[in-house]
Amino acid sequence: LPTRAGSSLEAEEHSMEPPAVPEEEVPLTVAPGPAGCQLFGYVGIEAVLDQMKIKTMKTGFEFNIMVVGQSGLGKSTMVNTLFKSKVSRKSSQPSQEERVPKTVQLHSITHVIEEKGVKMKLTVTDTPGFGDQINNENCWDPIIKYINEQYERYLCEEILITRKRKIPDTRVHGCVYFVPPTGHWLRPLDLEFMRRLSKIVNVVPVIAKADTLTLEERAEFKQRIQEDLKTHAISVYPQEDFDQDPEDRALNNRIREKIPFAVVGADQEHQVNGKRVLGRKTKWGIIEVENPAHCEFPLLRDLLIRSHLQDLKDITHNVHYESYRVRRLNESNRP
């Protein structure tokens, strides 16, 4: 009898419980469809874009770029051409006598550039003395040390108990590496530098003074550089591992096909068909810097400023700085 009563009570308890709902049917009654919730009138959600734009225009933003290469490859001229202003170290100190330093020295200069109400705090770091010596062993060490020092400075500000609302950002967002226009292949110095630096910063290789090469030599040189980078597993920007969606991958694939960009820099204007253009004047004509048929400087400018500037900053913060932060915190936690 007790067993019968117990079984009848259990049956009543089970019968009073609501029927179980299959797991697949729950999201259908709670979550909206794949097309999203349909609004019956204008709410104004898109106004957040205007708010972000106004706030950015008020506060401005920071962008830090480093240029690396041998002397005489036109690094200062290229930076001036990129931002259409005298922002390089050489142009800001014309009276200083230029000497080849015995070791790699780093010089940073900061400017505030404003265009259509948008302010950008631009820091250009030059590396005079890189690759200029007979023995260039470990000449990349000062550059690696400088990049890590900027990460360390940001980390020290970030882990404070009472930290600033906006931490000053001196981290290097992009490193433009100038390859000499030899027309043959990458030197061991070039390969070793990009192999080491690509792990801690976004490296963008360019062929300097590409007007010294013919179109055939330029295409063959670019192909050899791409093969060398692939053979030595050197991942330059834009890195294939960080493509977020198919659209980004398709765009970056087109960019990766053109890397390294064959560029020509010029900070003087000339008259061409009634228009003032930036270019280099030769006996055979004027090489227009901003003409895609003459050089690939417009592609470099679009990559660094117009299309991927924010992506450079995001990868610096989310990938390179994050790996440095994890490594440093692990070191500090070890007994």
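Just to be sure before I move on: is Leu278 more than 21 Å from the chain's Cα centre (by Cα) and in contact (Cβ under 8 Å) with a residue 24 or more places away in the chain in the structure I sent? Walk me through how you get there before you give the answer.
On the way: more than 21 Å from the chain's Cα centre (by Cα): yes; in contact (Cβ under 8 Å) with a residue 24 or more places away in the chain: yes.
When the stated conditions are applied, Leu278 passes them.
Can you find a residue in the range 308-326 that is in a loop (DSSP other than H, G, I, E, B), buried (at least 20 other Cβ atoms within 10 Å of the Cβ) and of a type in the set (Ser, Thr, Tyr)? Don't jump to the end; show me each part of the working.
The first filter runs over the range 308-326 and keeps only residues in a loop (DSSP other than H, G, I, E, B), leaving 308.
Of the ones still in play, those that are also buried (at least 20 other Cβ atoms within 10 Å of the Cβ) are 308.
When the remaining residues are screened for being of a type in the set (Ser, Thr, Tyr), the result is none.
The answer is no, given that none of the residues of the range 308-326 is in a loop (DSSP other than H, G, I, E, B), buried (at least 20 other Cβ atoms within 10 Å of the Cβ) and of a type in the set (Ser, Thr, Tyr).
Residue by residue through the range 237-271, note down the ones that are part of a strand (DSSP E or B) and open to solvent by 30 Å² or more (accessible area, probe 1.4 Å). Explain how you work it out, then say what you get.
First pass over the range 237-271, keeping only residues part of a strand (DSSP E or B): 261-262, 269-271.
Matches in the range 237-271: Glu269, His270, Gln271.
With the structure loaded, tell me whether Gln226 is under 30 Å from Gln310 (Cβ atoms), open to solvent by 20 Å² or more (accessible area, probe 1.4 Å) and in contact (Cβ under 8 Å) with a residue 24 or more places away in the chain or whether it fails that test.
yes
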Notebook entry, point to check: How many residues are under 23 Å from Ser85 (Cα atoms), open to solvent by 50 Å² or more (accessible area, probe 1.4 Å) and without any contact (Cβ under 8 Å) to a residue 24 or more places away in the chain if we restrict to the range 283-294?
Noted result: 2
Check: When you go through Met78, Met57 one by one, which is the residue that is open to solvent by 50 Å² or more (accessible area, probe 1.4 Å) and either in contact (Cβ under 8 Å) with a residue 40 or more places away in the chain or out of contact with any Leu (no Cβ under 7 Å at 6 or more places or on another chain) (or both)?
Finding: Met57
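Specify which of the listed residues (Glu227, Glu296) is over 21 Å from the mean Cα position of the chain (by Cα) and among the charged types (D, E, K, R).
Just a single option satisfies the conditions, and that option is Glu227.
Considering Gln133, Gln150, which residue is at pLDDT below 90, more than 25 Å from Gln268 (Cα to Cα) and out of contact with any helix residue (DSSP H, G or I) (no Cβ under 6 Å at 6 or more places or on another chain)? Explain how you work it out, then say what you get.
On the way: Gln150 fails: at pLDDT below 90.
Exactly one of Gln133, Gln150 is at pLDDT below 90, more than 25 Å from Gln268 (Cα to Cα) and out of contact with any helix residue (DSSP H, G or I) (no Cβ under 6 Å at 6 or more places or on another chain), namely Gln133.
Name every residue in the range 191-223 that is within 24 Å of Glu137 (Cα to Cα), out of contact with any strand residue (DSSP E or B) (no Cβ under 8 Å at 6 or more places or on another chain) and not aliphatic (A, V, I, L, M), in order of residue number.
Those that are within 24 Å of Glu137 (Cα to Cα), out of contact with any strand residue (DSSP E or B) (no Cβ under 8 Å at 6 or more places or on another chain) and not aliphatic (A, V, I, L, M): Glu192, Arg195, Arg196, Ser198, Lys199.
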Next item on the list: Exactly one condition in (1) in a helix (DSSP H, G or I); (2) at pLDDT below 95 is not met by Arg165; state its number.
Entry: (1)
Notebook entry, point to check: If Val206 passes every condition in (1) closer than 22 Å to Val289 by Cβ; (2) open to solvent by 20 Å² or more (accessible area, probe 1.4 Å); (3) modelled with pLDDT of 95 or more; (4) not aromatic (Phe, Trp, Tyr) but one, which one does it miss?
Noted result: (2)
Notebook entry, point to check: Is it true that some residue in the range 174-193 is within 18 Å of the chain's Cα centre (by Cα), touching a residue at least 60 places away in the same chain (Cβ under 8 Å) and surrounded by fewer than 20 Cβ atoms within 10 Å (Cβ to Cβ)?
Noted result: no
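Of the residues Val68, Val43, only one is within 30 Å of Leu312 (Cβ to Cβ), aliphatic (A, V, I, L, M) and at pLDDT 85 or above; which?
Details: Val43 fails: within 30 Å of Leu312 (Cβ to Cβ).
Exactly one residue qualifies, and that residue is Val68.
The values are calculated or read from the model by the stated rules, or taken from the named source; none is laboratory data. Predicted, not measured: the structure shown is a model, and the values here were computed from it. Neighbour counts run over all protein chains shown; Cβ positions are idealised from the backbone, glycine included. Just so you know, the surface numbers come from the protein's heavy atoms only, side chains and all, with ligands and any DNA or RNA stripped out. Shrake-Rupley method; radii C 1.70, N 1.55, O 1.52, S 1.80 Å.
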